[in-house]
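Down below is the structure, laid out as C-alpha cells.
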C-alpha cells in the first residue's frame, strides 16, 4: 500500500520533487546556453562559482543525472500498485549520487582554478 511505510514520500512531496528536477534541468540548460552557469554547493555566505565551457557542461551533466535519478525515484510506474521505495532507491540512487559527484567535482575544479 502506498504510504504504509514512513519512508515513502507523500504524493505532494513526489510532485514537488519532480517539479524541482524540471527546474534544475531548465536552470542548467539556460546556464550552459549562456556559457555562464552559476552554482553553489553551500547555503553559507559563499557566493558560488560561475562555470564556463567544459566545467559548465560537466556540472550540467551532473544536474541532468540527478534530475533523472530523482524523477525515476519519485514518478509512479505505469500499472504498479505499490511504491517500492527500497527497490527504487537501490535502482536509481546510484544515478542520483553519480550526478551529485559530477556536480561537486565541477565546482571543486573551478574553486581550485581561482
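The values are calculated or read from the model by the stated rules, or taken from the named source; none is laboratory data. The shown structure was predicted, so the numbers you read here are calculated from the model rather than taken from an experiment. Note that we place each Cβ from the backbone using ideal geometry, even for glycine, and neighbour counts take in every protein chain shown.
Considering each residue of segment 75-99, count those that are under 13 Å from residue 21 (Cβ atoms) and either exposed (fewer than 13 other Cβ atoms within 10 Å of the Cβ) or within 12 Å of the chain's Cα centre (by Cα) (or both), and give that number. Within segment 75-99, residues that are under 13 Å from residue 21 (Cβ atoms) and either exposed (fewer than 13 other Cβ atoms within 10 Å of the Cβ) or within 12 Å of the chain's Cα centre (by Cα) (or both) number 4.
Each residue in segment 38-55 was checked for being within 15 Å of the chain's Cα centre (by Cα) and either closer than 27 Å to residue 85 by Cβ or modelled with pLDDT of 85 or more (or both), and 2 of them qualify. Looking across segment 60-114, just one residue is at pLDDT 95 or above and either assigned to a loop (DSSP other than H, G, I, E, B) or in contact with a strand residue (DSSP E or B) (Cβ under 8 Å, 6 or more places away or on another chain) (or both), and that is 60. Going by the conditions given, is residue 55 loosely packed, with under 13 Cβ neighbours inside 10 Å and not in a strand (DSSP E or B)? So residue 55 fails the test. Filtering segment 62-77 for residues that are under 20 Å from residue 112 (Cα atoms) and in contact (Cβ under 8 Å) with a residue 12 or more places away in the chain leaves a non-empty set. Of all residue pairs spaced 6 or more apart or on separate chains, none has beta-carbon atoms under 9 Å together with a first member in segment 1-16 that is at positive phi and assigned to a helix (DSSP H, G or I) and a second member that is at pLDDT 60 or above and loosely packed, with under 10 Cβ neighbours inside 10 Å.
Taken as a whole, the condition of being within 18 Å of the chain's Cα centre (by Cα), under 28 Å from residue 88 (Cα atoms) and buried (at least 19 other Cβ atoms within 10 Å of the Cβ) does not apply to residue 29.
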